[in-house]
């Protein structure tokens, strides 16, 4: 299955898998360093790796987005330990790994064509204890109500169902005023003897060509220069990213530039690309379990839920909704209209509450994306926000 992508006025989608127990274990960095010995190491002990030249090779692999080479290097560097831990002759001990360098392997995921390789990168960091919260909420799809009426949705989120639905054709609460202003401006120019009809025809022709041949890339790029619109996109995409991460779905990257997305084959829109190994396997076998589909739908509707959480209503996400409908039709048997509506309400309610529980992490992700940070930094900010949000009792429980 190709990596899925998501976005609001851009393009978005979602999925789930994997698991990792949350929170405060021994800091990964503390496991990665050992004090330089004040005395020569015992005979038979050989230090390896960690030279500046070798780490330069890792930097080059990350910069060139060569995930396979970057991951292979990290796998060759064992977590640092004290020399005294080596008892047998010939034991090799890695020199200290520079702080935070292992996170950078995630920045090489964006150009990876093999999503299994992306999955291995996340699994590697999880095994090292770096991604403590990756997949910690994957079992949420097994909990709670299954039938969600508009009344239950309002009780659980405090919002009407209409507030949790994307605006069609880009319409929002201010659309009537924008349209009235536009028509008023055109009328004024006509009364002043300025014939704007040829210009309007040219603009409409260019917009049509953009929609047909570029998937709306130019229009999306122009819209991104409007700060409120750009901010809403960041909120939307951070919702997809955080939900996919908590559900254990490896994230390939977040593409916010429509032209970059176009070069990657995502016409007209950007979004969050993630991968669900279990879903790919099930689809390859010709079936899709309810649990896997639920997980996918939660990530798919997480962008809409994020907008509703921050702004009180959603505007983007029409592409997510369309993808949801197309997948529902492909199921065997396909979902009815009533079943689709219930599944959509359940998904957006679950995503809304999940993001509400992790509001601090969502804000951290938005801020990191807004600052133009790479994927590794965004995920690190998420981990830091979740860890700082833990109560002392939770810390003790997780440590136990």
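The values are calculated or read from the model by the stated rules, or taken from the named source; none is laboratory data. Everything numeric here is computed off the predicted structure, so don't read it as measured data. FYI the Cβ positions are ideal-geometry reconstructions off the backbone, even for glycines, and counts take in every protein chain you see.
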Point to revise | Boolean, residue 355 is part of a loop (DSSP other than H, G, I, E, B) and over 30 Å from residue 63 (Cβ atoms) | key: no
Review point. Among 307, 313, which is closer than 19 Å to residue 362 by Cα, out of contact with any strand residue (DSSP E or B) (no Cβ under 8 Å at 6 or more places or on another chain) and not in a helix (DSSP H, G or I)?
Key: 313
Revision key, fill the gap. Quick count over the range 316-352, residues being touching a residue at least 40 places away in the same chain (Cβ under 8 Å) and assigned to a helix (DSSP H, G or I), is 16
Review point. Can you find even one residue in the range 287-296 that is over 30 Å from residue 386 (Cβ atoms), assigned by TED's automatic domain parsing to the domain that holds residue 254, exposed (fewer than 15 other Cβ atoms within 10 Å of the Cβ) and without any contact (Cβ under 8 Å) to a residue 60 or more places away in the chain?
Key: yes
Check your understanding: If you go through the range 341-377, how many residues are crowded, with 18+ Cβ neighbours inside 10 Å and either within 28 Å of residue 163 (Cα to Cα) or more than 14 Å from the chain's Cα centre (by Cα) (or both)?
Key -> 20
